[in-house]
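Below is one structure, written out as structure tokens; the observations come after it.
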Amino acid sequence: MSCKTILASKVSASFRNQIKEDIKERNIKPKLVGFLANEDPAAMKYAEWTSKTCAETGVEFELRKVTKLELEGKITEANEDKSVNGIMVYYPVFGGKQDLYLQSCVSELKDVEGLCHKFVHNVYHNIRFMDDTETMKCIIPCTPLACVKILEYIGVYNPVIPYGNRLYGRTIAVINRSEIVGRPLAAMLANDGAKVFSVDVNGIQVFTRGTGIKLAHHKVEDIDTTVEEIIPQCDVVITGVPTPKYKMPTSLLKDGVVAINFSSSANFEDDIKSKASIFVPSVGKVTVAMLERNLLRLHDYQNNLTEK
Ligand code: NAD
């Protein structure tokens, strides 16, 4: 069987069409503000791309260029401005802990990226709603959510199994454990029932909901193993190593593996299609679609249009 390449543009198309129709039908104009406080050309490119996608779907996008020192005050202003429905910041700004602080300065009702403390905490604790009456779904960080939507599209999520357990029986490796993508992604996949090997430069952890997925949310264990031992066991391998030097050896992969790369560098070897059943070379377009989806959700929460 030959490998099927799935492009992010294909997965994102149905989400984008749905968002576009929704905005048109309801005659609304949700507004997203992006703060750029660095000179990073990759951030500038991401901003241009967001702007183009937003224009196509009917979302108003405003890029605000500010200095690093102005940023916190400008976020506070946008938090209080009723005409702004969503806020995103192009990171890194200061790098390290100060950026974590800035992520939590964004109001949870405007946090389209899902990076404030409450949303990240809820991902780790498998809390799916913002409120006790379960009318407002939590905002999920965009790139981990994009990976989940791709796995649903491909059929790795089994719809016959009840919602919340649909990855039961799947073994997945995530090669990246950053706080923005890899760790929340591993937690979400494990919360949905998968056994997840989370790999970073310091070692390997396993995220599971225990035998028979009996736990309410995932547990994490440090394990003494190697990439060579775990990768052949995996049905899905998701890579996010931010360097062109890193390559996942095709020879380690299970025959018929689903291979997904979210890094800006190509993390799989050129012959990946000789082993994979499905190959997804990038996820960026789905990430932007998730950003817009989160924006619409927050627009409705701000206007009390919840799923009662
Ligand atoms: P980061 O630098 O914060 O994290 C990198 C992670 O990779 C760390 O966990 C690190 O330990 C791990 N790592 C590095 N070398 C490794 C190795 N040899 N083996 C195993 N693990 C290794 O970066 P980040 O913010 O998570 O971004 C990672 C990549 O994903 C970048 O290329 C970035 O551009 C891309 N990204 C893409 C999207 C998207 O939507 N497409 C969104 C965010 C990030």
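Could you check how much of the accessible area of the range 112-236 is carbon and sulfur, as a whole percent, using a 1.4 Å probe? Walk me through the numbers before you get to the answer.
Values: 2860 of 5460 Å².
The C+S portion of the solvent-accessible surface of the range 112-236 is 52 percent.
Pull out the extension gain between ALA42 and SER104, defined as 0.36 nm times the separation in residues minus the alpha carbon to alpha carbon distance; nm, one decimal.
20.0 nm
What ranking of PHE35, PHE279, PHE129 comes out by heavy-atom accessible area, probe 1.4 Å, highest first?
Solvent-accessible surface, decreasing: PHE129, PHE279, PHE35.
Quantify, in whole percent, the carbon and sulfur part of the accessible surface of the range 22-109 (1.4 Å probe; protein heavy atoms only). Before the final figure, lay out each step's value.
Numbers: 2560 of 4850 Å².
Ligands and nucleic acids excluded, carbon and sulfur give 53 percent.
Using amide H atoms built 1.01 Å from N in the peptide plane, name the residues 5+ places from PHE268, or on other chains, whose amide H lies under 5 Å from its own.
Here MET248 satisfy the definition.
With the chain treated as a Gaussian network of Cα nodes joined by springs under 10 Å, which of LYS254, LYS68, LYS29 yields the largest mean-square fluctuation?
Sorting by GNM fluctuation, first place goes to LYS68.
Which of TYR90, ALA216, ASN38 sits closest to the plus end of the dipole of the chain, meaning its Cα is farthest towards the positive end, when Lys and Arg get +1 and Asp and Glu get -1 on the C-beta?
ALA216
Would you please give the residues with an amide H less than 5 Å from that of GLY169, counting only those at least 5 places away or on a separate chain, with H modeled from the backbone geometry?
Residues meeting the amide H criterion: LYS195.
Among the listed pairs LYS195/LYS285; LYS97/LYS149; LYS10/LYS149; LYS247/LYS273, give every one whose C-alpha distance is greater than 22 Å. Kindly include the intermediate steps, with their values, before the conclusion.
Values: LYS195/LYS285 27 Å; LYS97/LYS149 29 Å; LYS10/LYS149 12 Å; LYS247/LYS273 14 Å.
The answer is LYS195/LYS285; LYS97/LYS149.
Only Cα pairs within less than 10 Å get springs; with that Gaussian network setup on the chain, which residue of GLY155, GLY210, GLY114 has the largest fluctuation?
Checking each option, the largest mean-square fluctuation is seen for GLY155.
From the Cα gyration tensor of the range 129-281, with a ≥ b ≥ c the square roots of its eigenvalues, which class applies: rounded if a/c is under 1.5, or else prolate if a/b is larger than b/c, or else oblate?
The shape class here is prolate.
Assigning unit charges at the beta carbon (Lys, Arg +1; Asp, Glu -1) and nothing else, what dipole magnitude in debye, to the nearest 20, does the range 22-109 show about its Cα centre?
In debye, rounded to 20, the range 22-109 gives about 120.
Between the alpha-carbon centers of the range 156-211 and the range 57-136, tell me the distance in whole angstrom.
25
What does the accessible area per residue of the chain come to in Å², with a 1.4 Å probe and no ligands, DNA or RNA counted?
Using a 1.4 Å probe on heavy atoms only, each residue of the chain averages 48 Å².
Step through the residues of the range 140-153 one at a time and calculate ³J(HN,Hα) from phi using the Karplus curve (6.51 cos²θ - 1.76 cosθ + 1.60, θ = phi - 60°), rounding each to whole Hz and writing x for Gly and Pro.
9, x, 4, 6, x, 5, 4, 5, 4, 5, 5, 5, 5, 4
Cα-Cα pairs above 35 Å in the chain: how many percent?
In whole percent, the long-distance tail amounts to 19.
Let me make sure I get this right: for the range 117-192, a, b and c are the square roots of the gyration tensor eigenvalues over alpha carbons, sorted descending. Under 1.5 in a/c it's rounded, otherwise prolate if a/b > b/c, else oblate. Which is it?
oblate
I'd like the Karplus ³J(HN,Hα) series for the range 22-39: coefficients 6.51, -1.76, 1.60, θ = phi - 60°, whole numbers in Hz, and an x wherever there's a Gly or Pro.
4, 5, 5, 4, 8, 6, 10, 9, x, 10, 10, 10, x, 9, 10, 10, 9, 9
Cα to Cα, under 12 Å, and not fewer than 8 places away if on the same chain: which aspartates and glutamates meet these conditions relative to LYS118?
Cross-link targets: GLU108, ASP131.
Farthest toward the dipole's positive end in the chain, which of ALA194, MET248, ASN158, given Cβ charges of +1 (Lys, Arg) and -1 (Asp, Glu) about the Cα centre?
Value: ASN158.
If DNA, RNA and ligands are ignored and the probe is 1.4 Å, what is the ranking of MET248, MET188, MET44 by accessible area, most exposed first?
Sorted by accessible area, descending: MET44, MET188, MET248.
Top mean-square fluctuation among LYS149, LYS31, LYS97, Gaussian network model of the chain, C-alpha springs under 10 Å?
LYS97
Less than 13 Å Cβ to Cβ from ASP222, Lys/Arg counted +1 and Asp/Glu -1: what total charge do the surrounding residues give?
Value of the local net charge: -1.
Counting only residues 5 or more places away or on other chains, whose amide H sits under 5 Å from the amide H of VAL257 once H atoms are built in the peptide plane?
The list, which skips near neighbours in sequence, is SER277.
Please figure out what share of the DSSP beta bridges in the chain is antiparallel and state it in percent, rounded to the nearest 5.
25
The values are calculated or read from the model by the stated rules, or taken from the named source; none is laboratory data. Here the structure is a predicted model, which means the values were calculated and not measured. All Cβ positions, glycine included, derive from the backbone under ideal geometry; neighbour counts span all protein chains shown. Surface accessibility is based on the protein's heavy atoms, side chains included, excluding ligands, DNA and RNA. Shrake-Rupley method; radii C 1.70, N 1.55, O 1.52, S 1.80 Å.
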